[in-house]
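The values are calculated or read from the model by the stated rules, or taken from the named source; none is laboratory data. Here the structure is a predicted model, which is why all the values come from computation and not from measurement. We place every Cβ from the backbone using ideal geometry, glycine too, and count neighbours over all the protein chains shown. Just the protein is used for accessible areas: all its heavy atoms, side chains included, with ligands, DNA and RNA removed. Shrake-Rupley method; radii C 1.70, N 1.55, O 1.52, S 1.80 Å.
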Amino acid sequence: MTPSRFPTLLSTALLLCTLSCQLNQPQAETQAWIEEESRKRLAQIEGSLQLPGLEQPVEVLRDKWGVAHIYAETVHDLFLAQGFVAAQDRLYQIEIWRRTGAGELAEVFGPDYIERDRMARLVRYRGDMQAEWESYSPDTEAIATAFVAGVNAFIAHAGDRLPVEFELLDFKPGEWKPEHCVLRIAGLMMTRNARQEVARAEMVARLGTETTEKYFPTDPVVDLKPDPEVDLDGLDRSVIASYRGATGIPKLLSQDASNNWVVDGTLSETGKPLLASDPHRSVILPSLRYLVHLVGPGWNVIGSGEPALPGVALGHNERAGWGFTIVQHDQVDLYIEKLNPQNPDQYLYQGEWLDMEIEKQTIQVRDQEPVEVELKYTRHGPVIWEDTANHRVAAVRWVGAEPGTAGYLGSLATDRVENWDDFVEAMARWKIPPENIVYADVDGDIGWIPAGHVPIRPNWKGLFPVAGHTGKHEWAGFRTVDQLPQIHNPAKHYIATSNHNIRPENHPHDMGFDWSEPYRFRRVDEVLSQAEKFTIEDFKKLQHDEMSLPARRLIGMLKQLPQGGSADFQQARKLLEEWDQVLDRNSQAAPLYEIWQEETLVPKFVETELPPDARERVARNIRLPTLFDLLERAPADQRNRVITESLETAFARTKEVLGDDAASWRWGALHLATFEHPLANTKARAAVFNRGPVERGGDAYTPNRSPGPNYTQVHGASYRHILDLADWDRSVFTSVPGQSGQPESPHYGDLVDLWGNYEYAPLVYSREAVEANTANKLLLEPAP
């Protein structure tokens, strides 16, 4: 199994795509058998049941869309019930996530997962647990303890009626512990800068600094200055192979992408703020996100989070709402350590040989004897790569080694903010993942903070692996929240972010140098700057906006070409020049444009620009804005050749995939999203588990972002919300495919059609609205 096929904590879509067929399957496994077994194992969501550990009765009202509204008399009961309810809907999913983070996958899935488990254990938090718990909020340990007690209570309650996946794979869930809420693999997935460091090192080693600066520039542009103490030769993708395998970061997903924006009351029809957020992550089944409403003493918060964690990551409470997009803070550095040729367990630091810290751990492996593995650490962090021939290793220093850096758990403070000052204080507790968090409250305030733990690098930029032995590249602490840029009630009355470079020009500190392309932000800003009185309907349209600014720019270059050319070129040119640059799923021109931009433009450009041995490496790393800048500055004959020949090739390719009749081409016929369960590796399983396909619009650069390999969407906004600060009950959401992970549940795939049709469901909040939309009522009572 190649590293790119390893599972991630957050993407079960990468899990078991081929492995499950190697495991035990019931001999009578037919579609009818799976359906019947799934029905028999559905969780109870009506009536009453007794739950050990409860102090008082708890009401769970599930609405028409499967969202659980939990009403408890104590905070302990509230989170015990949240854990129980999450396990009712998503036990198989969260158990896989728990095992992924704890390094226990090989016990279920066999020896292919030993290295994956070793890496998960290697990067776990090893510091003071009291500091860890208190970093998120004063009551985090108690909340986590109650939450996992709820998960364990459901496992005990289910007995031998566990979800059908456990039967198909023949294993039982393990015991959940509070520390399973602070595992680190999820956070490691969010710190992506190691890939860029290695990519730059590889390019500089092979092509030189000048070429790297030209084709792989930083943002903002700075001179590239590799550490002269590091030999870049041999520092290639193998350095982070295990790291990438553990985090499951293919190139496609190496940049998280999301949108959010907020307008104050002067720009809304209601006179109160409107806030929109659509975090883009893997589009998987079961869904990455899970909605819940938590009501108890000091708590009344609703929104979305990850089902394996307590609280709500993004949503609103009675007074304030928020949403986020990833901000590309640089939170990781690679250190190349020199080894002692006489003792490979020693490394050099400032003239002295130091002993590595080495832990030995035992990994349980399915159908074979346990395996002992070594976990090695230098003063800079865990060792992720060893080059014994050259007596060196790579250690990774990342913020996840610090207290309070479990992914999303900082939201426990955010869930209870009441005003801007509270929000600023809560942002000091939000460390991983780094997020552009936009804010609004019922008093009319709006704001933004790029929250996250940002290392202070006194004398370098963090763009290349650095030498560990010199001691010249040590972090000098972390930026405090008041050292991060902030916006509060801006004069233009709105704020928007889309993973673009958000560093203000006058900001005194580095924040990062690798950002998402600015196209989505520019399109959102283009619409919001029109200064209309916006409504929820306007925001729905903007979240699904499919206007392509890259197409606008590329077709602008096409229009400058002289007339003439082959018949195919002229037909392609006419089709694109008459197009409105909207990547609607019914668009005839959109598939031609996408194949041109994605498949043929870059290869033709590097062919005209570079010698053969440099082309693949540049093509792998060049970004679209850089490509367009270089094309526009290129000599006219080169630019004309690139555009003409690449478009001709794209036209022929589009005929291959959609037919010779261009009038019948449709983007949606090529661009699909299919919700494939990781166990659906047989026809019977696929019939039960899978949903879709759904025709999609947009692409990687539109606000309705929908990228994926071979034009199949695997990434984007599975969850969205739009919050109305004038009336919380008018807020809306989308989520896909459904709240439940149990295939015979009515809420397993019931949100697919809404999502596919760009429609929303109400995010009901008041008790009156919740009761008016309740579909199922479950009373949890204390066990005797």
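Screening the chain for whole DSSP H helices of 18 Å or more along their axis (Cα) with average Kyte-Doolittle hydropathy at least 0.5 returns 140-158.
When +1 charges are put on Lys and Arg Cβ atoms and -1 charges on Asp and Glu Cβ atoms, the dipole computed for the range 351-503 relative to its Cα centre reaches about 700 debye.
By the scheme Lys and Arg +1, Asp and Glu -1, what is the net charge of all other residues having a beta-carbon under 12 Å from that of L91? Local charge sum for L91: +2. Dipole size of the chain about its Cα centre, with +1 on Lys/Arg Cβ and -1 on Asp/Glu Cβ: approximately 1280 debye, rounded to the nearest 20. For the chain, the carbon plus sulfur part of the accessible surface works out to 46%, probe radius 1.4 Å. Beta-bridge orientation, the chain: approximately 85 percent antiparallel, per DSSP, counting only bridges with both partners inside.
Summing Lys and Arg as +1 and Asp and Glu as -1 over all other residues whose Cβ lies under 13 Å from the Cβ of L528 gives a net charge of 0.
Couplings 3J(HN,Hα) for the range 672-688, derived from phi with the Karplus relation 6.51 cos²θ - 1.76 cosθ + 1.60 (θ = phi - 60°), are 10, 10, 10, 8, 9, 5, x, 9, 7, 9, 10, 4, 5, 5, 4, 5, 7 Hz, where x marks Gly and Pro. Electrostatic tally near Y136: other residues with Cβ closer than 10 Å to its Cβ, Lys and Arg +1, Asp and Glu -1, net -2.
Hull volume per residue, based on the alpha-carbon atoms of the range 318-384 and their convex hull, is 228 Å³. Averaging Cα coordinates gives a centre for the range 709-779 and one for the range 547-583; these two points are 39 Å apart. For the range 648-688, the residues whose backbone nitrogen is under 19 Å from a point 7 Å from the Cα of Q570, taken along Cα to Cβ, are 648-652, 661-663. Less than 5 angstrom separates the built amide H of Q50 from those of E781, all sequence-distant by 5 or more or on a different chain. A helix-only calculation puts the chain at -9000 deg cm²/dmol for mean residue ellipticity at 222 nm, using -39500 (n - 2.57) for each DSSP H run of at least four residues, averaged over all residues. Were the residues from T266 through R126 laid out at 0.36 nm apart, the gain over their Cα-Cα distance would be 45.5 nm.
Positive-end ranking of I358, P341, P382 along the dipole of the range 340-427, with charges on Cβ about the Cα centre, is headed by P341. Extension gain, V222 to R479: 0.36 nm times the residue separation minus the Cα-Cα distance gives 90.4 nm.
Under 25 Å of direct C-alpha separation, and excluding same-chain neighbours fewer than eight residues apart, K338 reaches these lysines: K225, K360, K376, K461, K472. Once the C-beta distance of D580 and T74 is scaled by a Förster radius of 51 Å, the resulting FRET efficiency is 0.35 to the nearest 0.05.
Note on the range 264-344: Cα-only Rg and Dmax are 20.9, 73 Å. Does the range 197-355 come out rounded, prolate or oblate by the C-alpha gyration tensor, with a ≥ b ≥ c the root eigenvalues, rounded set by a/c under 1.5 and, if not, prolate when a/b is larger than b/c and oblate if not? Prolate.
Estimated at 0.36 nm per residue, the fully extended path between S664 and D139 surpasses their Cα-Cα distance by 183.0 nm.
Scanning residues 5 or more positions from F478 or on other chains, those with amide H under 5 Å from its amide H are I456, with H placed 1.01 Å from N in the peptide plane. Applying the Karplus relation 6.51 cos²θ - 1.76 cosθ + 1.60 with θ = phi - 60° to the range 408-416 yields 3J(HN,Hα) values of 6, 5, x, 5, 4, 7, 4, 4, 10 Hz, where x marks Gly and Pro. Could you give me D for the range 310-434, from Stokes-Einstein at 37 °C and 0.692 mPa s, where the hydrodynamic radius is the Kirkwood radius over C-alpha pairs? Units µm² s⁻¹, please. The diffusion coefficient I find is 183 µm²/s. Solvent-accessible area per residue in the chain equals 35 Å², computed with a 1.4 angstrom probe and all protein chains kept.
Site pair K40 and M557 shows an inter-label distance of 6.2 nm when each label is modelled 7 Å from Cα along Cα→Cβ. Excluding same-chain neighbours fewer than eight residues apart, the lysines reachable from K492 by a Cα-Cα span under 18 Å are K272, K533. Once Rg and the Kirkwood radius are both taken over the C-alpha atoms of the range 608-660, their ratio Rg/Rh works out to 1.04.
For the peptides 107-117, 606-616, the ranking by mean Cβ contacts within 10 Å, running from highest to lowest, is 107-117, 606-616. Taking label points 7 Å from Cα along the Cα-to-Cβ direction, K214 and E418 give a separation of 6.1 nm. Note that the range 773-784 has calculated 3J(HN,Hα) couplings of 10, 6, 9, 9, 10, 10, 9, 9, 10, x, 6, x Hz, one per residue in order, obtained from phi through the Karplus relation 6.51 cos²θ - 1.76 cosθ + 1.60 (θ = phi - 60°); glycine and proline are x.
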